[in-house]
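Asks: Here it is, the structure in full.
The values are calculated or read from the model by the stated rules, or taken from the named source; none is laboratory data. These numbers were taken from a predicted model, which means no experiment stands behind them. With ideal geometry, Cβ positions are generated from the backbone for all residues, glycine too; neighbour counts draw on all protein chains shown. Areas reflect the complete protein model, heavy atoms only, side chains present, ligands, DNA and RNA absent. Shrake-Rupley method; radii C 1.70, N 1.55, O 1.52, S 1.80 Å.
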Amino acid sequence: MSNTATLEVNGEKYEFPIVTGTENEVAIDIKKLRGVTGGVTTIDPGYKNTGSCTSSITFLDGEKGILRYGGYSIEELAEKADFLEVAFLLIFGELPTKEELDKFYSDIKKNSIVDEDVKKILDAFPKAAHPMGVLSSLTSALTAFNPDAVDVNSEEDMYNSVVRILGKFPVLVAWAMRKKSGLPLDYGDKNLGYVENILKMMFKVPNEEYTQNKVLVEALDKLLILHADHEQNCSTSTVRIVGSSHAGLFASISAGISALWGPLHGGANQAVLEMLEAIKEDGGDTKKYMAKAKDKSDPFRLMGFGHRVYKNFDPRAKIIKVAADEVLGDLGVEDPVLEIAKGLEKEALEDQYFVDRKLYPNVDFYSGIIYRAMGIPTEMFTVMFALGRLPGWIAQWREMRLNKEPIGRPRQLYTGPTERAFKPIEDR
Ligand code: ACO
């Protein structure tokens with residue numbers, strides 16, 4: 001293959017380098033496009049064809065259904081690694097040794113206290129507030145308590161900001177849930193593992209010992225690993241673009257949480273469960289909802305189906321589907337919505353509309369069913385996604401800063417009025 005691409009604009013030919021990634025992905029490097037053409041830009045709404053950066057964190061092949069963090073397959077990591085090891089891998093590029101992991105966790109624990117005054121901010125939220133809004137606000141508020149003007153040339157500064165957010169974020173997640181359920185706030189127990197501590201912080205009630213349930217610990221660990229990174233998705237791109245202005249890590253993550261909240265992104269896990277519930281309440285007629293999803297005059301979409309990148313299957317959905325069966329079996333939970341979900345999946349996979357558009361279940365289709373079996377309220381599902389995605393956001397923010405990427409500032413093609421004279425108000 002030639003290593004340049006030729007573009008012809010108004011009879012003039014321009015050459016642009018072709019760059020290749022380690023997995024042989026090919027991209028045309030148009031960094032000099034505007035300069036050499038005298039201002040020509042590209043238009044690509046939704047960035048469907050635009051690479052915003054080079055990255056060595058996560059590889060995904062949507063056609064083949066491959067997802068790898070640092071070269072390791074998601075299937076192997078979900079089976080053999082724990083969440084904190086995966087977080088280390090994503091952020092620092094290699095799986096940790098035992099010593100590195102122990103130090104990492106010990107530093108995270110040292111940074112897990114959230115200023116008591118943050119509780120006053122939490123108090124001011126109405127109980128009905130959505131926990132994603134609460135989480136995004138509290139994460140942003142943490143900037144005031146932990147000014148994190150990070151010197152990217154200082155490895156220590158970078159490391160400190162990473163362990164600080166990994167320490168405090170689960171506390172905020174648990175507080176957002178406890179606020180909703182009216183439970184007193186808690187700082188957890190530093191003698192526990194990262195995921196065990198999260199569960200205890202979320203579920204411990206004041207007048208009872210909290211007993212760890214191995215099934216829940218393993219299920220949550222797996223879910224967090226599966227959500228930990230997904231290269232340049234909407235929330236991650238948000239984190240990178242906010243951070244590109246040299247905003248701090250907490251501020252960038254807070255913006256990522258807001259991006260994740262939308263129902264077309266992380267908010268889909270809540271939307272899936274609500275959809276399955278609605279189908280159940282409506283008599284379980286999946287065919288009716290399939291018809292609605294295909295009807296272009298109906299805004300209804302089959303939530304948890306389709307993905308911008310996966311046009312084969314979402315490998316995370318495969319793992320989660322098996323996990324949902326196991327967790328519900330182990331916990332002895334019989335959930336009719338699991339049957340509705342399986343029925344819908346079967347129908348959609350055989351339906352020409354879904355086949356033609358390559359629409360498959362995504363990571364969110366079955367995750368809510370597991371969260372529900374674990375006793376997590378529906379409104380908290382997207383918060384759990386944020387908890388899992390945190391290491392990915394951190395890794396991508398860190399990479400962007402270390403690569404000294406320029407501030408993110410896309411171009412546009414202006415289609416508004418051309419210059420015109422101002423009309424005084426009485427003449428309009
Ligand atoms: N139900 C019904 N039709 C769908 C669905 C769906 N879930 N998803 C896509 N389509 C149809 C579209 O109507 C469109 O049809 P057309 O070509 O006849 O106009 C076609 O499939 C392509 O869809 P787009 O919206 O153009 O695809 P895009 O890549 O922009 O969107 C997205 C991907 C947002 C995930 C979409 O599939 C969707 O809305 N899914 C439901 C929400 C969801 O589950 N989001 C979670 C994604 S995973 C994540 O963020 C963690």
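Asks: Return yes or no: is residue 95 open to solvent by 40 Å² or more (accessible area, probe 1.4 Å), more than 22 Å from residue 381 (Cα to Cα) and in contact with a Gly (Cβ under 8 Å, 6 or more places away or on another chain)?
Replies: Working: open to solvent by 40 Å² or more (accessible area, probe 1.4 Å): yes; more than 22 Å from residue 381 (Cα to Cα): yes; in contact with a Gly (Cβ under 8 Å, 6 or more places away or on another chain): yes.
Taking the combined requirement at face value, the residue satisfies it.
Asks: A further question follows. Across the range 268-282, what is the number of residues that are part of a helix (DSSP H, G or I), more than 17 Å from residue 306 (Cβ to Cβ) and either free of Cβ contacts under 8 Å to residues at least 24 places away in the same chain or of a type in the set (Gly, Ala, Ser) (or both)?
Replies: Going through the range 268-282 one residue at a time, the tally reaches 2.
Asks: Kindly evaluate residue 370 against the criterion of being away from the ligand (no atom under 16 Å from the Cβ), open to solvent by less than 10 Å² (accessible area, probe 1.4 Å) and modelled with pLDDT under 95.
Replies: no
Asks: Conditions: (1) farther than 22 Å from residue 58 by Cα; (2) within 14 Å of the ligand (Cβ to nearest atom). Residue 310 meets all but one. Number of the miss?
Replies: (1)
Asks: Right, next: Of all the residues that make up the range 330-360, how many are part of a helix (DSSP H, G or I) and either open to solvent by less than 80 Å² (accessible area, probe 1.4 Å) or within 16 Å of the ligand (Cβ to nearest atom) (or both)?
Replies: 20
Asks: Let me ask another. Here are the criteria: (1) closer than 18 Å to residue 410 by Cβ; (2) surrounded by 16 or more Cβ atoms within 10 Å (Cβ to Cβ). Tell me which single one residue 62 does not satisfy.
Replies: Looking at each condition in turn, residue 62 falls short on (1).
Asks: Restrict the check to the range 217-232 and report whether at least one residue is open to solvent by 40 Å² or more (accessible area, probe 1.4 Å), more than 30 Å from residue 400 (Cα to Cα) and out of contact with any Asp or Glu (no Cβ under 6 Å at 6 or more places or on another chain).
Replies: yes
Asks: Name the residue that is surrounded by the fewest Cβ atoms within 10 Å (Cβ to Cβ), counting only residues in the range 283-301 that are part of a loop (DSSP other than H, G, I, E, B) and more than 9 Å from the ligand (Cβ to nearest atom).
Replies: Here the answer is 297.
Asks: Among (1) β-branched (Val, Ile, Thr); (2) open to solvent by 50 Å² or more (accessible area, probe 1.4 Å); (3) touching a residue at least 24 places away in the same chain (Cβ under 8 Å); (4) away from the ligand (no atom under 16 Å from the Cβ), which single condition is residue 327 missing?
Replies: Single failed check for residue 327: (2).
Asks: Also, I was wondering about something else. Any idea which of 221, 186 is farther than 14 Å from residue 384 by Cα, more than 16 Å from the ligand (Cβ to nearest atom) and charged (D, E, K, R)?
Replies: Criteria check complete, one pass: 186.
Asks: Regarding the range 163-186, can at least one residue be identified that is outside any loop (DSSP other than H, G, I, E, B), at pLDDT below 95, open to solvent by 10 Å² or more (accessible area, probe 1.4 Å) and touching a Leu at 6+ places or on another chain (Cβ under 7 Å)?
Replies: yes
Asks: So, of the residues in the range 190-212 that are touching a residue at least 60 places away in the same chain (Cβ under 8 Å) and open to solvent by 40 Å² or more (accessible area, probe 1.4 Å), which turns out to be farthest from the ligand (Cβ to nearest atom)? Walk me through it before giving the result.
Replies: Of all residues in the range 190-212, those touching a residue at least 60 places away in the same chain (Cβ under 8 Å) come to 190, 193-195, 198, 202-203.
Checking which are open to solvent by 40 Å² or more (accessible area, probe 1.4 Å) leaves us with 190, 203.
On the way: 190: 32, 203: 25 Å.
Only one residue tops the list, namely 190.
Asks: Go through the range 242-266 and report how many residues are within 16 Å of the ligand (Cβ to nearest atom), open to solvent by 10 Å² or more (accessible area, probe 1.4 Å) and in a loop (DSSP other than H, G, I, E, B).
Replies: Of the residues in the range 242-266, 4 are within 16 Å of the ligand (Cβ to nearest atom), open to solvent by 10 Å² or more (accessible area, probe 1.4 Å) and in a loop (DSSP other than H, G, I, E, B).
Asks: In the range 390-405, how many are surrounded by fewer than 12 Cβ atoms within 10 Å (Cβ to Cβ) and modelled with pLDDT of 95 or more?
Replies: Step one: filter the range 390-405 for residues surrounded by fewer than 12 Cβ atoms within 10 Å (Cβ to Cβ), giving 404.
So of that shortlist, the ones also modelled with pLDDT of 95 or more come out as none.
Residues meeting the conditions: 0.
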